[in-house]
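A.B. asks: Shown below is the structure under consideration.
Where a number appears in this text, it was derived from the coordinates with a stated rule and is not lab data. Fair warning: this is a prediction, and the values are worked out from it, not measured in the lab. Glycine also receives a Cβ, built like all others from the backbone with ideal geometry; neighbour counts cover every protein chain displayed.
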Amino acid sequence: MNFCATTTARVVLASDVVAFGVERASLADLPRLRQAPGPLAGWEIPKRLLHRADGQTVVGFAAVLNAMNRWGMPVAHFEEWGVLAAPQYPGRSASAVALRKFIKSGVAAIMPHIIPQHSLHSLSGAISVALGMRGPNFGVGGGRAAMAEGLFAALSFLDDGPTPGLWLVLTQWVPELAPDTSGDGPDESVCHAVALALVSPRGGDLQMKVTVPGVAPGHPHARPAFPRLARDEDSCELAGVAALGKHLDSGQWSAPAARWLCPSLPDCELEFHFASEARKQRAA
Amino acid sequence: MDRGELARTLLEMLEQETGEQYQHLDDQVDLRQELNLDSVDLVSLLLQIETRLNVKVNSTEVERVERVGDLLDLVEAKLESASQAA
């Protein structure tokens, strides 16, 4: 793993970011995005890829396309990469509809797309299929701590995994899309997505770093890889994908993106920074 | 329901399943190769057919369906045996 013990006894997990993309869509925006998630020069996206996909899959895939276009990276570059997706509560709307139909009419009334299109691994699978990638793809998290779990899993995978790089795709509805039995959620809900193309640290232009405070052996928090996360709603909103996307889009990276990754370890930080101002300007 | 009417009904269900519009589908069109239906699409379509037309199709019968004409033949036969049983 890309750990390095610092003089302050902290653990740093680091990677280079070779591209990032940010996307947002309200419920009203979803049909348009589903039809046209974004251009991708020289590559044909499978026609019905997003027809029955979960909303978070649609927005997450659009964020990947946004990143590839923004940084001018061709599909071929990612052929051997893996995809790790961390959606928060994926498939809630479709599950609400399926459960209602199941209660009313039994199992035959449930569309078989519910498992492949609306579960934890659907987002990573769709991206992998769409871009013809050959590396592993899987979902992590799925619950309230999805973003932090995604970040920790991605940084761990980069070191141990067999692929040259990894897409990390984080998605979340804000406010959380808690659907009624028709599958409709609050009209004001917006799905946020951030896609990060990560490689092992090699002194690239843009770097991402997660600093986990050191803990003494025997301390209840002596397992720094997956610390417990805050349970209160406010912390989750602040720690969410929306805030991360806003931070990345702002380009104002002098301060840490977040100190809230691990509220039980209050000094845990997520940072992005360019290696130099000249490199930042070149990337912009 | 005659074959023409059944074909229109199936076309409607197919369009609903795929989200695409088809001007015309003749019996020779391959469901998997030409319409790009995968196994999940096909099961979903058959569930629609079972619910809407009140017939039962088993998995062995599904395996033999390759083209639009095969599907029409299968559903037509099912409707006919259902009407005879009634």
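A.B. asks: Could you list the square roots of 5 times each eigenvalue of the Cα gyration tensor of segment B:3-85, that is, the equivalent ellipsoid semi-axes, sorted largest first and rounded to whole Å? Don't jump to the answer; show the numbers that get you there.
C.D. replies: Details: eigenvalues 74, 39, 30 Å².
Over the Cα atoms of segment B:3-85, the ellipsoid semi-axes are 19, 14, 12 Å.
A.B. asks: Another question about this same structure. Efficiency by 1/(1 + (r/R0)^6): what FRET value for B:ASP2 and A:ALA108, r their Cβ-Cβ distance, R0 = 30 Å, to the nearest 0.05? Please report the intermediate quantities before stating the final value.
C.D. replies: On the way: r = 27 Å, r/R0 = 0.89.
With R0 = 30 Å, the Cβ-Cβ based efficiency is 0.65.
A.B. asks: Between B:VAL29 and A:GLU188, what FRET efficiency comes out of the Förster formula 1/(1 + (r/R0)^6) with R0 = 41 Å and r the beta carbon distance, rounded to 0.05?
C.D. replies: Details: r = 44 Å, r/R0 = 1.07.
Efficiency computed from Cβ-Cβ geometry: 0.40.
A.B. asks: Further, regarding this structure: Cβ under 13 Å from A:ASP184's Cβ, A:ASP184 left aside: what net charge do those residues give with Lys, Arg +1 and Asp, Glu -1?
C.D. replies: On the way: positive: A:ARG92, A:ARG100; negative: A:ASP180, A:ASP187, A:GLU188.
For residues surrounding A:ASP184, the net value is -1.
A.B. asks: Now a separate question. Treating cross-link reach as a plain straight distance, find the lysines whose alpha-carbon is under 22 Å from the alpha-carbon of A:LYS209, omitting any fewer than eight places away in the same chain.
C.D. replies: A:LYS246, A:LYS280
A.B. asks: Counting Lys +1, Arg +1, Asp -1, Glu -1, what net charge surrounds A:GLY38 among other residues with beta carbon under 14 Å of its beta carbon? All intermediate terms of the calculation are to be shown ahead of the outcome.
C.D. replies: Values: positive: A:ARG24, A:ARG32, A:ARG34, A:ARG70; negative: A:GLU23, A:ASP29, A:GLU44.
So the surrounding residues net to +1.
A.B. asks: Could you please report the charge total around A:ARG134, scoring K, R as +1 and D, E as -1 over all other residues with beta-carbon less than 9 angstrom from its beta-carbon? Provide the component values of the computation, followed by the final result.
C.D. replies: On the way: positive: none; negative: A:GLU79, A:GLU80.
Every neighbour counted, the sum reads -2.
A.B. asks: Against the longest principal axis of chain B, how steep is helix B:3-18, in degrees 0 to 90 to the nearest 10, with axes from Cα atoms?
C.D. replies: 50
A.B. asks: Then there's this: Any idea how far the Cα center of segment B:38-86 sits from the one of segment A:169-200, in Å?
C.D. replies: Computed from Cα coordinates, the inter-centre distance equals 37 Å.
A.B. asks: Taking θ as phi - 60°, what are the ³J(HN,Hα) couplings along segment A:30-38 by the Karplus curve (6.51, -1.76, 1.60), each to the nearest whole Hz, with x for Gly and Pro?
C.D. replies: 4, x, 5, 5, 5, 6, 9, x, x
A.B. asks: So, one more: Tell me, how many Å apart are the Cα centres for segment A:5-65 and for segment A:110-168?
C.D. replies: Using only Cα atoms, the two centres lie 11 Å from each other.
A.B. asks: Related question: Please work out the Cα center distance from segment A:81-96 to segment B:6-20, rounded to the nearest Å.
C.D. replies: Cα centroid of segment A:81-96 versus Cα centroid of segment B:6-20: 29 Å apart.
A.B. asks: Using a Förster distance of 25 angstrom, determine the FRET efficiency expected from the C-beta separation of B:LYS56 and A:ARG32, and round it to 0.05. Working shown, then result.
C.D. replies: Details: r = 39 Å, r/R0 = 1.57.
Computed FRET efficiency for B:LYS56 and A:ARG32: 0.05.
A.B. asks: Sticking with this one: Pull up all non-local amide H partners of B:ARG67: gap of 5 or more, or a different chain, and H-to-H distance under 5 Å with H placed in the peptide plane.
C.D. replies: HN-HN under 5 Å from B:ARG67: B:LEU31.
A.B. asks: Determine which lysines satisfy two conditions relative to B:LYS78: a Cα distance under 29 Å, and not lying fewer than 8 residues away in the same chain.
C.D. replies: Hits, sequence-local ones excluded: A:LYS101, A:LYS104, B:LYS56.
A.B. asks: For helix B:39-53, what angle does its Cα long axis make with the longest principal axis of chain B, in degrees from 0 to 90 and rounded to 10?
C.D. replies: Once rounded, one gets 40 degrees.
A.B. asks: While we're looking at this one, here's another question. For a paramagnetic label modelled at 7 Å from the Cα of A:GLN252 toward its Cβ, which residues of segment A:169-209 fall within the zone defined by backbone nitrogen distances under 19 Å?
C.D. replies: Within reach of a label on A:GLN252, which here means backbone N under 19 Å from a point 7 Å along Cα→Cβ, segment A:169-209 contributes nothing.
A.B. asks: What list do you get for A:TYR89, B:TYR22 if you sort them by fewest beta carbons within 10 Å? Show your work: numbers first, answer last.
C.D. replies: Details: A:TYR89 18, B:TYR22 13.
Listing A:TYR89, B:TYR22 from fewest to most nearby Cβ atoms yields B:TYR22, A:TYR89.
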